[in-house]
Amino acid sequence: MSQEKQDKITQLLSRALHRMRTTPPRIIASPATQPRRATVAIVIRIVPSSSTPTPPADAPIPTLGQFFELDWVKDPAARPEILFLQRDGASSRTV
């Protein structure tokens, strides 16, 4: 992947996460006989370059905005990764 495209992905990821934090969740009605459960999960991480020093263990946990301003996150060699998980429905299970 080109460096320019990778930088753009990190910027878009930052904007998407900020929007998710500030947008109230939609409440979707669920039948009383069927409890609501999450059906998807997203795991997001930024992999630092191999030359990035490890932050001190006692470093404070940054806010979302502070995180995307960290030098190692903005480093051109940092690599964003997104893993999307979807729960299997009962009808798709095989015995």
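The values are calculated or read from the model by the stated rules, or taken from the named source; none is laboratory data. Treat the numbers as computed from the prediction; the structure is a model and nothing was measured. In this analysis, Cβ positions are derived from the backbone assuming ideal geometry, glycine residues included, and neighbour counts consider all displayed protein chains.
Whenever a residue of the range 70-83 is surrounded by fewer than 16 Cβ atoms within 10 Å (Cβ to Cβ), its partners that are of a type in the set (D, E), lying with C-beta atoms within less than 8 angstrom and at least six residues away or across chains, give the pairs P76/D7.
In the set (1) at pLDDT 85 or above; (2) within 13 Å of the chain's Cα centre (by Cα), P53 fails one condition alone, (2). Within the range 63-86, the only residue that satisfies the criterion of being within 15 Å of R45 (Cβ to Cβ), out of contact with any Lys or Arg (no Cβ under 9 Å at 6 or more places or on another chain) and acidic (D, E) is D75.
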